[in-house]
Amino acid sequence: MIPLILYYLVLPFLAAWALLLFLRRYAPHDIPDDIQGLYEQKPLEKGWFRVVRRDHKALRHLGDFETQGEAVESAYRGREEAQEAREKAAFLVLDDKGEVLEEVDS
């Protein structure tokens, strides 16, 4: 009975855990140059989130937030404003490393 539990329950979870560790370590983390430049100009505190607007003109900083929920709400507010003005833009929610967590398009 114990070998069956190990084979069907424990080993698959260990394999999935090892796969996730491998992907986190070796998967490419390409951050676009404009976002990297923004983080060099305006560093962000660890654990905070940033919202930016990317349109055909440039990348524009919309704000820094303590929680991801506040950042997502800000991105959706920006999307509504862009839709009212009939503009095309992408609103990105970024973490403190510059990785995109969520993207909202108008």
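Per-structure values
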| quantity | calculated |
| --- | --- |
| Any chance ILE31 is in a helix (DSSP H, G or I), touching a Gly at 6+ places or on another chain (Cβ under 6 Å) and in contact (Cβ under 8 Å) with a residue 12 or more places away in the chain | no |
| Considering residues of the range 18-42 that are surrounded by 10 or more Cβ atoms within 10 Å (Cβ to Cβ) and of a type outside the set (A, V, I, L, M) only, the residue farthest from ASP95 (Cα to Cα) | PHE22 |
| Condition met for PRO12 (without any contact (Cβ under 8 Å) to a residue 40 or more places away in the chain and assigned to a loop (DSSP other than H, G, I, E, B)) | no |
| Which numbered condition GLU87 fails, given (1) over 19 Å from ASP105 (Cβ atoms); (2) of a type outside the set (Val, Ile, Thr); (3) in contact with a helix residue (DSSP H, G or I) (Cβ under 9 Å, 6 or more places away or on another chain) | (1) |
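Listed here are the residues, each with its yes/no results for (1) among the β-branched types (Val, Ile, Thr); (2) farther than 15 Å from TRP48 by Cβ; (3) exposed (fewer than 15 other Cβ atoms within 10 Å of the Cβ); (4) in contact with a Phe, Trp or Tyr (Cβ under 8 Å, 6 or more places away or on another chain).
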| residue | (1), (2), (3), (4) |
| --- | --- |
| GLU66 | no, no, yes, yes |
| GLY78 | no, yes, no, yes |
| ARG86 | no, yes, yes, no |
| ALA89 | no, yes, no, no |
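All of the numbers you see were taken from the coordinates with simple rules; none came from a lab. Bear in mind that the values here come from a model prediction, so they are computed numbers and not experimental data. Neighbour counts run over all protein chains shown; Cβ positions are idealised from the backbone, glycine included.
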